[in-house]
1. Considering only residues that are at pLDDT below 90 and part of a loop (DSSP other than H, G, I, E, B), look in segment 41-54 and name the one that is surrounded by the most Cβ atoms within 10 Å (Cβ to Cβ).
2. Condition check: more than 29 Å from the chain's Cα centre (by Cα) and modelled with pLDDT of 90 or more. Does residue 24 satisfy that?
3. Every residue in segment 24-40 that is in a strand (DSSP E or B) and either within 17 Å of residue 70 (Cβ to Cβ) or free of Cβ contacts under 8 Å to residues at least 12 places away in the same chain (or both), please.
4. In segment 87-106, how many residues are on the phi < 0 side of the Ramachandran plot and assigned to a loop (DSSP other than H, G, I, E, B)?
5. Take the residues in segment 90-136 that are within 30 Å of residue 147 (Cβ to Cβ) and charged (D, E, K, R), then tell me which one is farthest from the chain's Cα centre (by Cα).
6. For segment 73-88, indicate whether the set of residues that are free of Cβ contacts under 8 Å to residues at least 40 places away in the same chain, under 30 Å from residue 26 (Cβ atoms) and exposed (fewer than 10 other Cβ atoms within 10 Å of the Cβ) is non-empty.
7. In segment 96-116, how many are among the polar types (S, T, N, Q) and surrounded by 11 or more Cβ atoms within 10 Å (Cβ to Cβ)?
8. Could you grab me the full set of residues in segment 4-22 that are surrounded by 13 or more Cβ atoms within 10 Å (Cβ to Cβ), within 13 Å of residue 77 (Cα to Cα) and not basic (Lys, Arg)?
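The values are calculated or read from the model by the stated rules, or taken from the named source; none is laboratory data. This is a predicted model, so every value here is computed, not measured. Note that we place each Cβ from the backbone using ideal geometry, even for glycine, and neighbour counts take in every protein chain shown.
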Amino acid sequence: MRELAAHAGKTILLELPFGNLCLELSSEGLLTPLTELQKASLELSISTKALNGLLTQGGNLKEQAIKSVKITGDADLAQLVGRLAGQLRWEFEEDLARFIGDAPASFTVRQGKKFLSAGRLAASDLVANAVEYLSEERKVLLNMRDFMIHKHELNELRDAVDRIEKRIQHLERKG
């Protein structure tokens, strides 16, 4: 909070496709909402297209989020906000416990993690099976073993061509 307090009085405008959020940094380092804002010290905006891509694409969500946000204004404040946002962790089990209790929340989160893990494993297995089918059955993709054999044969052919070229050069000098 001390780091945010150093920027007291500065304002942040978060522009989202579904509305804007205006915040001001207090002298205690807290964010207080504003109803309207004349000029923001820092503007963070994300377009509908970028938000849709962020929600639908796979990969590292944190990296995608950083690439999706357009930043204008105070560079020091932007760097601080980015660093602090990177340290945020949502304790969804704790939030869920407020509604359904500790034990059911813990059980629900464990089951959710198992479900996500099983989903990732199923997707990985599907990809592996598709690759195997395309490389072994349909012969559309080249499997690693065949690739290495082909690579070795090409290397041998290249070496043989080099030897023949040197032999030709040697014969031309003699000849």
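1. 46
2. In short, yes.
3. Just the residues of segment 24-40 that are in a strand (DSSP E or B), to begin with: 24-25, 31-34.
Listed by number, the list holds a single entry, 32.
4. Within segment 87-106, residues that are on the phi < 0 side of the Ramachandran plot and assigned to a loop (DSSP other than H, G, I, E, B) number 5.
5. Step one: filter segment 90-136 for residues within 30 Å of residue 147 (Cβ to Cβ), giving 120-136.
Next cut, charged (D, E, K, R) only: 120, 125, 132, 136.
On the way: 120: 16, 125: 22, 132: 27, 136: 32 Å.
Only one residue tops the list, namely 136.
6. Yes; the residues of segment 73-88 include at least one that is free of Cβ contacts under 8 Å to residues at least 40 places away in the same chain, under 30 Å from residue 26 (Cβ atoms) and exposed (fewer than 10 other Cβ atoms within 10 Å of the Cβ).
7. At the first step, the residues of segment 96-116 found to be among the polar types (S, T, N, Q) are 106, 108, 111.
Imposing the further condition that a residue be surrounded by 11 or more Cβ atoms within 10 Å (Cβ to Cβ) reduces the set to 106, 108.
Looking only at that region, the number is 2.
8. 4, 5, 6, 7, 8, 11, 12, 13
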